[in-house]
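Shown next, in structure tokens, is the structure this report addresses.
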Amino acid sequence: EREKDPEYWRRQAQETLRNALRLQRLNQNVAKNLILFLGDGMGVSTVTAARILKGQLHGQGEESLLEMDKFPFVALAKTYNTNAQVPDSAGTATAYLCGVKANEGTLGVSAGVTRDRCNTTRGQEVTSILRWAKDAGKAVGIVTTTRVTHATPSAAYAHSANRDWYSDGEMPPDALEGGCKDIARQLVENIPEIEVILGGGRKYMYPKNVSDVEYPHEEKQRGTRLDGRNLVQAWQEAKPRGKVAEYVWHRRGLLALNLSRVDFLLGESLHPRVPWHQLGALGGPLSCPGLLGHLQWPVVLPRQALHEAVELDRAIGLATRLTSTEDTLSVVTADHSHVFTFGGYTPRGNPIFGLAPMQSDVDRKPFTSILYGNGPGYKIVAGERENVSAVDFAHADYQAQSAVPLRQETHGGEDVAVFARGPMAHLLHGVHEQNYIPHAMAYAACIGSNRGHCNAAAHPATPLLLPFLGLLLLLC
């Protein structure tokens, strides 16, 4: 009812204006902490739909706010790779972590490297903001909800001509003979003193055919390494004498640790992709947000994708409460978008997973508001588009319809949002190349090469926690 009164909107606009005017006093502190939240595949349409879902889960709707919506500075990032209009996650990770655009499928290297060509790698390696922070004496961490060797986090530490070289068991003979290292090995060797590493994909750390510690009878989860090395053991042995390095492989083990007595932490699960609706089977209420994700790709499951975006937003809210904008620069962005959309002239308050209020004026069938441009949701029944009223489109595993049949849905090519708050957050504004992001963050923290504005005496090295969060495992 209040929205029928024009004064409601005028008051709202005036309050927004007052808040905007306060931003004229820029926060130019040196950032003690940097936090980068990376929603893998979290395009603008996903952000909008997740906002509506969050509101509907709490008795609100379109007017609700995500935690990232509360960040005062917003920019757009152009996500194309040097050789691709629509990017892949490896090239984009190199951009937003290393500050250099690269070819699709390549990690932590310049555009001089050709995918799959090991012999093009030497001399083309580029370092990440995690390395810049470590070189400045900071504490650093990678927290990912996919494999720690996945493209999204691995550009923080690895240099590879192929994002899929998780272990030497996935590498071709010519790459091994050429001296290229697999990504899991680089995790252990390239920056050996990363304080926190949490993610999935432990099978790439163990010798081929070694049974998994948690699922010993699952053949596909056995170790994959051809060199016979146990990289978890190598990780522990590489730590300085007197330092405590703990390895955990289950949430219970993680929660049992006395973290005040741990110097280095490596946590690797096996099954990162736990559907949001199965969280209850993991042992009751979570003590902190559980992150899952990226399930909008490749199987186009909108219900899971949006619930996972809401989970990411819970983590952003938790980090906001635990830190101060006076000394912590927080940035939320995505590597790329997906061909995810919602429309159909739905009325205010329409369930975000519901039907449009009309039928198609071509085939006379209903359609859901959420649709995909391509992917496995394309179905023809009796020569016509599937009638969604004949299926359970409210089910968590429902595959939304798509316009073009593909076994796997593709990424989208449009810009992604960049939300920022804290010291120097105003540097993220307007439309930027994606590789600008780590340079702005490094400037704020006085790390990396661009430190002419810094007073070393006034701003001594202080611990910096740099977790990278995608939308993919349950680790709290």
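The values are calculated or read from the model by the stated rules, or taken from the named source; none is laboratory data. Just so it is clear, the model here is predicted, and its values are computed rather than measured. When we count neighbours, we look across all protein chains shown, and the Cβ atoms used for this are built from the backbone with ideal geometry, even at glycine. Only protein heavy atoms, including side chains, enter the accessible area calculation; ligands, DNA and RNA are left aside. Shrake-Rupley method; radii C 1.70, N 1.55, O 1.52, S 1.80 Å.
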(request) Would you tally the residues in segment 36-63 being of a type outside the set (S, T, N, Q) and out of contact with any Ser or Thr (no Cβ under 8 Å at 6 or more places or on another chain)? (result) 9
(request) Given the conditions (1) hydroxyl-bearing (Ser, Thr, Tyr); (2) modelled with pLDDT of 95 or more; (3) assigned to a loop (DSSP other than H, G, I, E, B), report the number of the one that Tyr204 does not fulfil. (result) (3)
(request) Within segment 384-398, track down each residue that is open to solvent by less than 70 Å² (accessible area, probe 1.4 Å) and free of Cβ contacts under 8 Å to residues at least 40 places away in the same chain. (result) Arg385, Glu386, Asn387, Val388, Val391
(request) State all residues of segment 192-216 that are closer than 30 Å to Arg131 by Cβ and open to solvent by 60 Å² or more (accessible area, probe 1.4 Å); if no residue qualifies, say none. (result) Glu193
(message) So, in segment 54-99, how many residues would count as being open to solvent by less than 50 Å² (accessible area, probe 1.4 Å) and touching a helix residue (DSSP H, G or I) at 6+ places or on another chain (Cβ under 8 Å)?
(response) 22
(request) Scan (1) assigned to a loop (DSSP other than H, G, I, E, B); (2) farther than 30 Å from Glu311 by Cα for the single condition Trp235 breaks and write down its number. (result) (1)
(request) Scan segment 119-145 and report the pairs whose first residue is aromatic (Phe, Trp, Tyr) and whose second residue is open to solvent by less than 30 Å² (accessible area, probe 1.4 Å), with Cβ atoms within less than 6 Å and a gap of 6+ or a chain change. (result) Trp132/Ala442; Trp132/Ile447; Trp132/Gly448
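Among the residues of segment 318-351, how many are assigned to a loop (DSSP other than H, G, I, E, B), in contact with a Lys or Arg (Cβ under 8 Å, 6 or more places away or on another chain) and among the β-branched types (Val, Ile, Thr)? Step through it out loud before you land on a result.
Here is the first cut: in segment 318-351, the ones assigned to a loop (DSSP other than H, G, I, E, B) are 323-327, 335-336, 339, 343-351.
Now drop any that are not in contact with a Lys or Arg (Cβ under 8 Å, 6 or more places away or on another chain), which leaves 325, 327.
With the extra rule that they be among the β-branched types (Val, Ile, Thr), the set shrinks to 325.
Looking only at that region, the number is 1.
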(request) Those residues that are among the aromatic types (Phe, Trp, Tyr) and either touching a Phe, Trp or Tyr at 6+ places or on another chain (Cβ under 8 Å) or touching a residue at least 40 places away in the same chain (Cβ under 8 Å) (or both), I need them from segment 194-236; list them, please. (result) Tyr204, Tyr215, Trp235
